[in-house]
1. Which residue fluctuates the most in chain A, going by a Gaussian network model with Cα springs under 10 Å, if the choices are A:Met139, A:Met77, A:Met171?
2. Can you tell me the alpha carbon radius of gyration of the range A:131-203 divided by the globular rule-of-thumb value 2.2 N^0.38 Å?
3. Compute, for the range A:131-203, the length of the dipole vector about the Cα centre, with Cβ point charges of +1 (Lys, Arg) and -1 (Asp, Glu) only. Units Debye, rounded to 20.
4. Positive end of the dipole of chain A, charges at C-beta (+1 Lys, Arg; -1 Asp, Glu), about the Cα centre: which of A:Trp262, A:Leu19, A:Met77 has its Cα farthest in that direction?
5. To the nearest 10 degrees, how steep is helix B:4-24 against the longest Cα principal axis of chain B, on a 0 to 90 scale?
6. Could you give me the percent of Cα pairs per 10 Å distance bin for the range B:95-154, shortest bin first, beginning at zero and ending with the bin that holds the maximum distance?
7. Percent antiparallel among DSSP beta bridges with both residues in the protein assembly as shown, to the nearest 5?
8. Give a quick list of chymotrypsin sites (Phe, Trp or Tyr not before Pro) in the range A:115-183 that DSSP marks as loop, anything other than H, G, I, E or B, with at most 15 other Cβ atoms within 10 Å.
Amino acid sequence: MMMKKHHPGVVLFYYGSVLVLTMATRHPAVTLLSFLFSLILRFRMEETRKVGHSLFYLLPMILMITLLNGLYSDRGMTLLFSWGPITLSVEGILYGLISGISLSAVILWFQNYHDTMESGRFLAVLGKRLPVISMMVSMIFRAIPDTLEQGREIEQSRRALTGERRGKFQMKHGVTLLTILMGWSMENAIETADAMKAKAYLSDKRIPYAGIRRSLRDLLPLLLTLGSGALVLGGVFLGGAGFLYYPFMQIPQRAERGFFLWLAGSTLLFLLPLFLDALDWALGQLRRQLLREVSPDPFVLQLLPHDLKAGVE
Amino acid sequence: MKKMEPIMKKIAVIALILLLFFTGACAREEAVLKPDDAITIAVTVDCVSILNNSNVSQKGRDLLDLLIEKDLSDQKGLMFRGDVNIAPAQSAFHALQNTGLEVRYRESAFGPFVHSISGLGDKDAGPLSGWVYLVNGEAPDVSSGLFKLEDGDILHWRFTVEETDLFLDLP
């Protein structure tokens, strides 16, 4: 939440590091922490109902990966069940579980990133260096929801015209829908191109749409990301990220040295947005208390911003 | 009742497929020993190359530590040494199975392929690492399941990090 007010470069750097860490490791402790914190952040950013909706898809996916890996992997030595070539081992199941959780954590972090950063802000960061690529990426991301929306509209119009009720999916209707969507998207491409030209896309002078400024406030999250990233790298360098799934689940002996560094670094990294939120809240409380102590006269009170005024009165 | 029928049909088809799958899958062949004509093979299983080869990956070293800790290997990388009885027409693969070690293998068109013994598997200590076998100091070029052993043969299963480890100082 707090990160919405920061420079998009900082946000991009933070989420980039979190995603790289989550994708690169299968260490159970770090993967579970990543999943936990991404879920907490998700609940803070979105309504409970919507988070529940995405969990509704993620949990069966975790279950399926667990089951498939348990059935296909035959490297674990703690057998639960074995029938000819089919073996089910504790290690295989747990590896599948951690893989599934890791994948869902990546999806949840991406959703958090998406909620923190709108495409305009993304364009504003990379627009000067990579204008064409960043424009293309944001247009592609835009195209998917647009197409879905248009498809829904076409289907609704068709049902309204034919008076048909919501029923089984029929192939011929699907083909019609696809044809119309194809025509629509081509037309849309031409329209977009015209609109871009009308807004002088090809002229040299371009300025990003969103007003973005660097400020001192961005320094804290940047330094914290760098610091915890350095801790994580130090832990990896000392061997703390080592973990064996097969043949038995175990932390190897060499990992004892860097283990706490690795764990502390990644926890700090995942905790950062929550920490910034807490810091913001504490500073707000402090400010309000100070204002209450000086008890400003009504005229000054009128000039104060809304949220501060609520705390003083 | 009419709605139930296709579901029952689907369940029956799935059950049939599962049944075919399970019965078609070959169960592990148990070596039935006849005491009178059994032959004796001296078998050694080792992973010395993890200690000797300098190109071994960190994961390979960790795995050896783990095997030593679980008493599946001694400090020098020797995992099994002893005499094993097999029936006359049986192969190097059967001799390995009769050692009582946990052997995991895949059936292939060229015979069984052993991919892990006691949890140590191929590619665990480097991209080229894996299990190979020697009979009387020579490496046959067929699958261990197709190589028939004779009485008094010396069988050696080795974990090699690279091909050059094959003939290095047999323990």
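1. Result: A:Met171 has the largest fluctuation of those listed.
2. Values: Rg = 16.0 Å, N = 73, 2.2 N^0.38 = 11.2 Å.
So the Cα radius of gyration is 1.42 times the expected 2.2 N^0.38 Å.
3. Numbers: 10 positive and 8 negative charges, 68 e Å.
About 320 debye.
4. A:Leu19
5. On a 0 to 90 degree scale, this one is about 30.
6. It works out to 20, 52, 27, 1, in whole percents.
7. Values: 29 of 34 bridges.
Restricted to the protein assembly as shown, the bridges split so that about 85 percent are antiparallel.
8. Working: sites: A:Phe122, A:Phe141, A:Phe169; in loops: A:Phe169.
Listed in order of number, the matching sites are A:Phe169.
The values are calculated or read from the model by the stated rules, or taken from the named source; none is laboratory data. As the structure is a computational prediction, the values presented were derived from the model and not from experiment. Every residue, glycine among them, receives a Cβ derived from its backbone with ideal geometry; neighbour counts consider all protein chains shown. Accessible surface is based on the protein model in full, side chains and every heavy atom, while ligands, DNA and RNA are left aside. Shrake-Rupley method; radii C 1.70, N 1.55, O 1.52, S 1.80 Å.
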